[in-house]
Amino acid sequence: MPSTIKRELERIKASEVWRSIFRSGSGTSNLHRSQAVQQNVFLHLFSVKIRSRVLDFKPTWYLGALTLCTFFILVATGILLMFYYHPSVPQAYSDMKDLQFVVSSGVFLRNLHRWSAHAMVFLVFAHMFKVFYRGAYRPPRQFNWVIGVILLLVTLLLSYTGYLLPWDQLAYWAVTVGSNIAKAVPLAGSKMRFLLLGGNEVNANALLRFYVLHCVILPLTAVLLIAIHFWRIRKDGGLHVPESKKP
Amino acid sequence: MSNGKIEAQNNPLIGQQSTADSRKGECENCGRREFFAKLGMGSLIVAGVGAGLFTYEYFSPNVLFEAPPIVKAGKPDQFPPGSVTLDPQSGIYMINGPKGYYALGAICTHLGCLTAWKPDLDLIACPCHGSRFNRDGVKVAGPAPQPLPWLKVWLSDDGYLMVDRSNILKAQEFVKV
């Protein structure tokens, strides 16, 4: 039976439709395999060949990959939550309550979104500590470290903007405090707060601005920077792995 | 061995390049090219600054649907002598002190939380980071960088205490009724 499936798969892979999508074909030579990576818009960010040691748990603890997983969970659950959420006052709060008590699986998706957000912040920090203590930020990877720092900021901004959206007391006061921190910037502080909130107080304009930042601008920035971050791994000579101590 | 030198002498491409180099000084297109390059760069800079201003203007709302700064606090007899009354809606304290009525802003000067009057402590306390103020708005504890602001109070023609939240007084002022 498995051999029939395998034969059938081979037949599909040899078909014209398959070959028009995946040009590298079905061969298993090194050339075919590297072409399969090079000619894929997503995979071509990565190296064609890596040392098997890189895939061990020890060098990375898989922290970067786990961060990416939480990001994917956040995108998927976030898009689903958007179908029931109106970014308006005071409907935002009742939409959040509806998601918890009325919408099927709403409470599951909302909690998944929230816990993944916490996990992502934690994993980003853990990933940075791991990179730092392994010395993987050193040349030639210094620019990728810089991109990583910007990604940390984007992650924190995503958390912060998402915090306002339930429009409850916690959200309101957290954003009041946060926007007043922005006000402390010399000279431009008050203007920055005004632009961030779209007014002088945390109100409907602020909710809408935070919503657009949270759902469009910051995720797009994150996707772009993540793509560069992964591409730079290949360009900077692959993941940093200390020389094995084993003989 | 001077193979490299011989090749350089015999190589027609290198020879051409050297004549091109010598002609560079009298290239009649260069002035025009440079002009257009500068013009292009200049217009890009102008367009960039314009886009920046456009973005800034677009993101600054011209009309705001926010509460007006002047609020009607209430009739004077609503505030018994010695009382400190918070109106959470407008974020002000109306205080009936020995010298008369005065109003304080209730928004903490640290990070903008709404403070609360604690009668048992005889203090105004902020729930966020623990700043405390006395009934004159002077900070007695916590991280608040400034005292609570004194606001302009007056008695309206129909006998209401009015407060202008945008008018912060430099010196203490009391309203006698």
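Any read-out appearing in this document is the output of simple, stated calculations on the displayed coordinates, not a laboratory observation. Since the model is a prediction, treat every value here as computed from it, not as a measurement. As a convention, Cβ positions derive from the backbone with ideal geometry for all residues, glycine included, and neighbour counts pool all protein chains shown.
Overview of results
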item	result
Segment B:70-168 shape via C-alpha gyration tensor axes, a/c threshold 1.5	prolate
Dipole magnitude (debye, nearest 20) for the protein assembly as shown, charges at Cβ of Lys, Arg, Asp, Glu	2060 debye
Cα centre as origin, Lys/Arg/Asp/Glu Cβ charges: chain A dipole, Debye	1220 debye
Paramagnetic reach from B:Ser156 in segment B:48-78 [backbone N under 19 Å; point 7 Å along Cα→Cβ]	B:66-78
Dipole-positive endmost among A:Trp145, A:Phe83, A:Leu165 within chain A (Cβ charges, Cα centre)	A:Trp145
Summed side-chain charge close to B:Ile92 - residues other than B:Ile92 whose Cβ falls under 14 Å, Lys, Arg +1, Asp, Glu -1	+2
Mean residue ellipticity (222 nm) of the protein assembly as shown, computed from DSSP H runs ≥ 4 via -39,500 (n - 2.57), nearest 500	-16500 deg cm²/dmol
Scaled radius of gyration (Cα, divided by 2.2 N^0.38 Å) that the protein assembly as shown gives	1.49
Chain A: relative contact order as a whole-number percent, Cα under 8 Å and 6+ apart	20 percent
Estimated inter-spin distance, A:Leu55 and A:Asp98, nm [label 7 Å along Cα→Cβ]	4.7 nm
Total charge dipole magnitude, segment A:2-45, about the Cα centre, Cβ charges on Lys, Arg, Asp, Glu only, Debye to nearest 20	60 debye
For chain A, built as a Gaussian network whose Cα springs stay under 10 Å, the top-fluctuating residue of A:Leu218, A:Leu208, A:Leu195	A:Leu195
Charge dipole (the protein assembly as shown, unit charges on Cβ, about Cα centre) - positive-most of A:Val124, B:Asn134, B:Ile95	A:Val124
At 0.692 mPa s and 37 °C, Stokes diffusion of segment A:90-247 via Kirkwood alpha-carbon radius, µm² per second	182 µm²/s
Of B:Lys139/B:Lys176; B:Lys72/B:Lys176; B:Lys139/B:Lys170; B:Lys99/B:Lys152, those spanning more than 20 Å from alpha-carbon to alpha-carbon	B:Lys139/B:Lys176
q = 0.08, 0.10, 0.19, 0.20 Å⁻¹: log10 I(q)/I(0) that the Debye formula gives for segment A:1-142, counting C-alpha atoms only	-0.44, -0.66, -1.06, -1.11
Residue of A:His127, A:His32, A:His118 that the Gaussian network model of chain A assigns the largest fluctuation, springs spanning Cα pairs under 10 Å	A:His32
Three semi-axes of the equivalent ellipsoid, segment A:2-45, Cα gyration tensor, whole Å, largest first	21, 12, 9
